[in-house]
1. When you scan segment 242-263, how many residues do you find that are outside any loop (DSSP other than H, G, I, E, B) and within 16 Å of Val182 (Cβ to Cβ)?
2. Only one residue in Asp254, Asp233, Asp247, Asp224 is open to solvent by less than 30 Å² (accessible area, probe 1.4 Å) and charged (D, E, K, R). Which one?
3. So which residues in segment 114-135 are surrounded by fewer than 22 Cβ atoms within 10 Å (Cβ to Cβ) and of a type in the set (A, V, I, L, M, F, W, C), if there are any at all?
4. Any residue at all in segment 252-275 that is of a type in the set (S, T, N, Q), farther than 30 Å from Gln100 by Cα and free of Cβ contacts under 8 Å to residues at least 24 places away in the same chain?
5. Looking at segment 83-92, which of the residues that are touching an Asp or Glu at 6+ places or on another chain (Cβ under 8 Å) and not hydroxyl-bearing (Ser, Thr, Tyr) is farthest from ligand 2 (Cβ to nearest atom)?
6. Across segment 165-189, which residue is surrounded by the most Cβ atoms within 10 Å (Cβ to Cβ) among those that are touching a Leu at 6+ places or on another chain (Cβ under 8 Å) and not polar (S, T, N, Q)?
7. Among the residues of segment 55-88, what is the count of those that are open to solvent by less than 10 Å² (accessible area, probe 1.4 Å) and within 30 Å of Ser13 (Cα to Cα)?
8. Just to verify a result, which residue in segment 97-113, among those that are more than 17 Å from Glu302 (Cβ to Cβ) and not polar (S, T, N, Q), is nearest to ligand 2 (Cβ to nearest atom)?
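The values are calculated or read from the model by the stated rules, or taken from the named source; none is laboratory data. No experiment lies behind these values; they were computed from the predicted model shown. When we count neighbours, we look across all protein chains shown, and the Cβ atoms used for this are built from the backbone with ideal geometry, even at glycine. Each accessible area value is taken on the protein alone, full model and side chains, heavy atoms only, with ligands, DNA and RNA left out. Shrake-Rupley method; radii C 1.70, N 1.55, O 1.52, S 1.80 Å.
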Amino acid sequence: MSIKAYAAQAAESPLSSFSITRRDPLPNDVLIDILYCGVCHSDLHQARNEWGNTIYPCVPGHEILGRVAKVGTAVTRFKEGDLAAVGCMVDSCRTCPACQKGLEQYCETGGTVFTYNGPDKILGGVTFGGYSENIVVDEAFVLKVSEKVKPEELPGVAPLLCAGITTYSPMRHWKVGPGQKVGIVGLGGLGHMGVKFAHAFGAQVVLFTTSPGKAEDARRLGADEVVVSKDPDAMAAQARSFDFILDCVSAQHDLNAYLQLLKRDGTLVLVGAPEHPLPIAAFNLLMPRRNLAGSGIGGIPETQEMLDFCAERGITCDVEMIGIQDVETAYARLLKSDVRYRFVIDMATLKS
Ligand code: NAP
Ligand code: ZN
Ligand code: ZN
């Protein structure tokens with residue numbers, strides 16, 4: 001079927017209206033009418049080819065929330081009318097050790113199919129994301145959303161599918177919890193969920209920001225302390241005091257400044273994915289025995305666990321709703337660190 005979408009045709013051209021083809025649901029497929037789609041900074045990196053691997057036309061969007069419109073004959077977990085969500089992946093090899101462990105994002109055969117810009121194994125070409133009317137996904141990669149979530153809260157659920165799981169997963173993996181001092185760097189889409197989760201897990205939370213105007217919001221979101229990272233004295237006062245720091249920054253910045261804030265055996269985890277490499281001074285790792293790591297989104301079982309955790313605790317993302325026609329304005333604002341704290345597209349605007 002041919003449907004409406006928004007696509008980038010080249011790195012330099014603004015996103016605009018575009019028709020794409022979705023497959024008719026196969027026996028295991030779920031067809032989801034998209035209500036809301038979050039705007040991740042990765043959408044911008046990809047649309048502008050900042051990671052050098054974009055295939056055009058590119059339809060971004062991997063924070064997808066909607067209702068099931070149709071199910072294939074073999075689908076067991078969903079029925080027409082259910083709420084459903086799709087994150088950053090729509091398939092993987094499903095048989096390698098990583099996939100067997102529910103870590104499909106780390107599929108060892110290179111089989112992870114990302115929601116956009118991935119190889120479409122069925123139609124050929126590339127996958128198209130959630131800046132579109134609907135999406136067809138194998139039910140194994142479709143997440144359940146609690147029907148207890150109130151309709152007005154649904155826009156704030158969509159960004160959990162990337163910003164939520166990308167911050168939840170490393171904090172679970174490195175066992176963030178009570179008694180720990182945890183830093184979150186950058187109060188954007190990922191960072192604001194990092195603050196909420198670190199607080200929910202019982203850690204002492206310090207937010208590092210380049211935007212002094214975000215301090216009050218950071219405290220409301222769950223930060224115990226806010227440090228403006230451009231202030232050298234404020235940074236020096238935090239030296240060697242952190243167990244864990246989650247770096248959610250989308251652009252070039254100095255990692256050494258954060259390594260110096262870790263205790264012995266403390267860990268700095270990168271989830272931000274800037275365009276260019278970031279230099280590291282070896283001695284910031286050697287003394288006193290610090291760890292530098294990275295983490296990519298989260299697997300399907302953990303994404304479901306995170307959605308259920310959020311539904312139970314009433315955790316959602318703070319969103320600014322936009323129309324699809326405003327996506328370029330939203331990208332421009334992301335580049336100025338001016339979002340509070342995730343843009344979410346009301347997909348009804350695609351029809352108008
Ligand atoms: P975002 O909403 O644009 O937030 C990024 C934040 O970084 C900004 O709000 C700003 O916070 C800070 N920042 C921006 N430029 C900076 C600079 N030059 N120096 C220091 N701080 C700066 O982006 P996002 O959607 O949260 O995504 C963040 C990054 O994570 C992106 O690179 C994205 O591609 C990546 N990502 C990775 C994964 C993964 O699986 N690892 C998943 C999703 C996204 P302040 O105003 O508070 O300083
Ligand atoms: Zn994302
Ligand atoms: Zn695999």
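1. Going through segment 242-263 one residue at a time, the tally reaches 10.
2. So the residue among Asp254, Asp233, Asp247, Asp224 that is open to solvent by less than 30 Å² (accessible area, probe 1.4 Å) and charged (D, E, K, R) is Asp247.
3. Within segment 114-135, Phe114, Ile122, Leu123, Val126 qualify.
4. Looking for residues that are of a type in the set (S, T, N, Q), farther than 30 Å from Gln100 by Cα and free of Cβ contacts under 8 Å to residues at least 24 places away in the same chain, one finds none in segment 252-275, hence no.
5. Going through the qualifying residues, I end up with Leu83.
6. By that ranking, first place goes to Ile184.
7. 11
8. This residue is Val113.
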